[in-house]
Amino acid sequence: MSEFVDRVRALALAWGAPGLFVIALLDSSFLPLPGATDLLLIVMVTRRKEHLVLYVIAAVFGSVAGCLMMHAIGRKGGEAFVRRRFTGARVESALRSLRENGVMAVLIPCLLPPPAPFKIFMLLAGVVGISAARLAVAITIGRGIRYVTLALLAYWFGDRASQYLADHGTTASLVVVGVLVGAAAAYLLWKRARGTGNR
């Protein structure tokens, strides 16, 4: 399997942005390639800094396409299909999070590095009825933040960005998640207060 993954990565590097799109699509759908998109993005930006925006767009769109595939599978296969693929505790936890928090439960896993659970949320988003459009917006925001951050690290630090990511990636991701959760909570409180004031 590792030899196959290495070949896929090498082919993606040769193809440039289209190859990165394919890797991001596969990584977000049915083929496990943990960290492959992150690593390729860093390598590509380090080699061709002038294509930073193109590479970020390719990675984001590829991830969105892969997630929408998983969403469609979840919607078509239903909860029973997901339960056959994942353990009960993980399914219950993810279902509860999606029902209580909606797209925020999708947005947060987009920002976290592997091995954070991700695909199960895409499948269950289809099961609980989150629309494809709302899912696509959440993935675009989450992966956009993640990949822009990685691309800028590669632009500024070159090959050292990979080591920085290995040393501090989880901490940085958790900080971003904390900021997003705080911002979402503040928005909900403001919206509720505004609604109460208009009565």
inquiry  = I'd like to check something: does region 31-40 contain any residue that is acidic (Asp, Glu), surrounded by 15 or more Cβ atoms within 10 Å (Cβ to Cβ) and either at pLDDT 90 or above or farther than 23 Å from Leu98 by Cα (or both)?
reply    = yes
ask   = In region 88-137, which helices (runs of 4 or more DSSP H) lie fully inside it and hold 3 or more residues that are at pLDDT 80 or above and crowded, with 21+ Cβ neighbours inside 10 Å?
value = 119-127
note = Residues in region 34-81 that are part of a loop (DSSP other than H, G, I, E, B) and more than 13 Å from the chain's Cα centre (by Cα) total 1
inquiry  = Against the definition (closer than 22 Å to Pro18 by Cβ, open to solvent by 10 Å² or more (accessible area, probe 1.4 Å) and not aromatic (Phe, Trp, Tyr)), how does Val43 come out, yes or no?
reply    = yes
request  = Mind listing whichever residues of region 58-87 are touching a residue at least 12 places away in the same chain (Cβ under 8 Å), β-branched (Val, Ile, Thr) and open to solvent by 60 Å² or more (accessible area, probe 1.4 Å)?
outcome  = Ile73
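The values are calculated or read from the model by the stated rules, or taken from the named source; none is laboratory data. Every value quoted in this text rests on a predicted model; they were computed, and no experiment measured them. Cβ atoms come from the backbone with ideal geometry, glycine included; neighbour counts cover every protein chain shown. Surface accessibility is based on the protein's heavy atoms, side chains included, excluding ligands, DNA and RNA. Shrake-Rupley method; radii C 1.70, N 1.55, O 1.52, S 1.80 Å.
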